[in-house]
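The values are calculated or read from the model by the stated rules, or taken from the named source; none is laboratory data. Keep in mind that this is a model prediction, so the values were computed, not measured. Note: ideal-geometry Cβ built from the backbone for every residue, glycine included; neighbour counts use all protein chains shown. Calculation scope for accessible area: heavy atoms of the full protein, side chains included, ligands and nucleic acids excluded. Shrake-Rupley method; radii C 1.70, N 1.55, O 1.52, S 1.80 Å.
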Amino acid sequence: MNRLSPGDKAPDFTLTAADGSSWSLADHLAEATNGVIVYFYPAAGTPGCTKQACDFRDNLASLTSHGYAVVGVSPDSVEALAGFVEKESLTFPLLSDPEHATLEAYGAWGEKKNYGRTYTGVIRSTVVIAPEGSVALAQYNVKASGHVTKLRRDLGID
């Protein structure tokens, strides 16, 4: 598993969003003056992932006013993401990566340990990509609760 570090070129990707549209990183980097926050999470609708998604939703206005776009990526189906978006009133794109290609490219897919069990899955991670396409910040094994607050602090957003 290759984890990204600040200064690395961020792998470009195009995935299907919860609304069925195509979402490309390259297209959205130009729109965000400070960059795109891509967060990777295991499964829509689970308690931790719901907490994290709602934290991003509740802080979205602040993040966008500071020039950041937010997008979430998981291996969930488009249909599962659409239900999650509707149920939680999420106001940013959620993308489906069922083949794990983007998750793997970003180092967010790999071996995990939970309750003494080892398995392969999504490593909860966040990567901030600067407008020119380089990694500005990469955080792996983040906690669902409190992560957005820590991210805002790391980005210098009050």
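³J(HN,Hα) across region 16-21 via Karplus (A = 6.51, B = -1.76, C = 1.60, θ = phi - 60°), whole Hz, x for Gly/Pro?
8, 7, 4, 8, x, 7
What is the gain in length, in nm to one decimal, between Ser134 and Thr14 on full extension, counting 0.36 nm per residue of separation less the C-alpha to C-alpha distance?
41.5 nm is the gain from fully extending Ser134 to Thr14.
When the helices in the chain are scored as -39500 (n - 2.57) per DSSP H run of 4 or longer and the sum is shared across all residues, what 222 nm value do you end up with, to the nearest 500 deg cm²/dmol?
On the way: 5 runs with 48 residues, N = 158.
Taken over the chain, the calculation gives -9000 deg cm²/dmol.
Output wanted: per-residue J couplings in Hz (rounded whole) for region 105-111, from phi through Karplus 6.51 cos²θ - 1.76 cosθ + 1.60, θ = phi - 60°, x for Gly and Pro.
My calculation for region 105-111 gives 4, 9, x, 9, 10, x, 6 Hz in order.
Enter the accessible area per residue of the chain (Å², integer; probe 1.4 Å; all protein chains in place). Let's see the in-between values first.
On the way: 7540 Å² over 158 residues.
Accessible surface, normalised per residue, equals 48 Å².
How large, in percent, is the carbon and sulfur part of the accessible surface of region 1-136 at a probe radius of 1.4 Å? Don't skip to the answer; put the middle values down first.
Details: 3100 of 6300 Å².
Heavy-atom surface of region 1-136 belonging to carbon and sulfur, 1.4 Å probe: 49 percent.
Reachable aspartates and glutamates from Lys87, Cα under 17 Å, same-chain residues fewer than 8 places away excluded?
Asp19, Asp55, Asp58, Asp76, Glu79
Amide H of Gly35 versus every other amide H placed in the peptide plane: which residues, excluding those fewer than 5 positions away on the same chain, fall under 5 Å?
Ala69
What FRET efficiency do you get for Lys87 and Lys113 if R0 is 30 Å and r is their Cβ-Cβ distance, rounded to the nearest 0.05? Please report the intermediate quantities before stating the final value.
Values: r = 30 Å, r/R0 = 1.00.
About 0.50, to the nearest 0.05.
How large is ³J(HN,Hα) for each residue in region 48-55, as worked out from phi by the Karplus curve 6.51 cos²θ - 1.76 cosθ + 1.60 (θ = phi - 60°), to whole Hz, x for Gly and Pro?
x, 5, 5, 4, 5, 4, 5, 5
If amide H atoms are built 1.01 Å from N in the plane of the peptide, which residues on other chains or at least 5 residues away come under 5 Å of the amide H of Leu137?
For Leu137, the qualifying residues are Val128.
For Rg/Rh (Cα atoms, Kirkwood Rh), the listed values are [x] 0.96; [y] 0.98; [z] 0.93; which was obtained by calculation from the structure presented?
After the calculation, the listed value that fits is [z].
Expressed in nm to one decimal, what extension gain is obtained for the pair Lys51 and Glu31 from 0.36 nm per residue of sequence separation less their Cα-Cα distance?
4.5 nm
Considering the dipole of the chain built from charges on the beta carbon (Lys and Arg +1, Asp and Glu -1) around the Cα centre, which of Thr118, Leu81, Ile129 is farthest to its positive end?
Thr118
Would you tally the net charge around Phe92, using a Cβ to Cβ cut-off of less than 12 Å, leaving Phe92 out, and scoring K and R as +1, D and E as -1?
Its environment carries a net charge of -3.
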